[in-house]
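Taking it in order: structure first as structure tokens, then the write-up.
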Amino acid sequence: MSSKDTNTEYLRGTLELAVLALLAEKPDHGYGVMKRMRDRSEGALEVAEGTLYPVLHKLAKQGILSYSSQRTEANRVAKVYELTTRGEGWLAARRDGWDRHVQFIASILNGRHRASRGEAACE
């Protein structure tokens, strides 16, 4: 499996969560979100405009994000997105779920599980 295929698989279920986490840090326009995602992941997450912008529009339509038109550093007008109160709650709930998910997957990948019903834990 190529690294591009792996990137796409990981991205499917996590793009909305990643976008919201970045926007929770500071409001930004789409290109800024793409750049921060790429920089933060050291190039591992390359998100195309055709993938990101529909997600931003969907989240805005759901009331999870709001946006305003602002001038960028390049003197272009762009939509700058930010989390709404609803979006903050959405992110908090999914962040907790993500943390549990990562723990479960790590325990599977590392061959560990919790002892249950009197069984010994795998080590």
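The values are calculated or read from the model by the stated rules, or taken from the named source; none is laboratory data. Everything numeric in this text was worked out from a predicted model, so none of it was measured. Ligands, DNA and RNA are excluded from the accessible area calculation, which covers all protein heavy atoms including side chains. Shrake-Rupley method; radii C 1.70, N 1.55, O 1.52, S 1.80 Å.
Some values worked out for this structure:
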read-out	value
Amide proton proximity set for His29, modelled H, under 5 Å, gap of 5+	Tyr81
Whole-Hz ³J(HN,Hα) from phi, Karplus 6.51 cos²θ - 1.76 cosθ + 1.60, for region 60-72, glycine and proline x	5, 4, 7, x, 7, 10, 10, 8, 9, 7, 9, 7, 8
Of all accessible heavy-atom area on region 34-105, the percent that carbon and sulfur account for (1.4 Å)	50 percent
Karplus-derived 3J(HN,Hα), 6.51/-1.76/1.60, for each residue of region 85-96, Hz, glycine and proline x	4, 4, x, 4, x, 4, 5, 4, 5, 6, 5, 4
Linear extension gain, Glu73 paired with Ser41, 0.36 nm per residue minus alpha-carbon span	9.2 nm
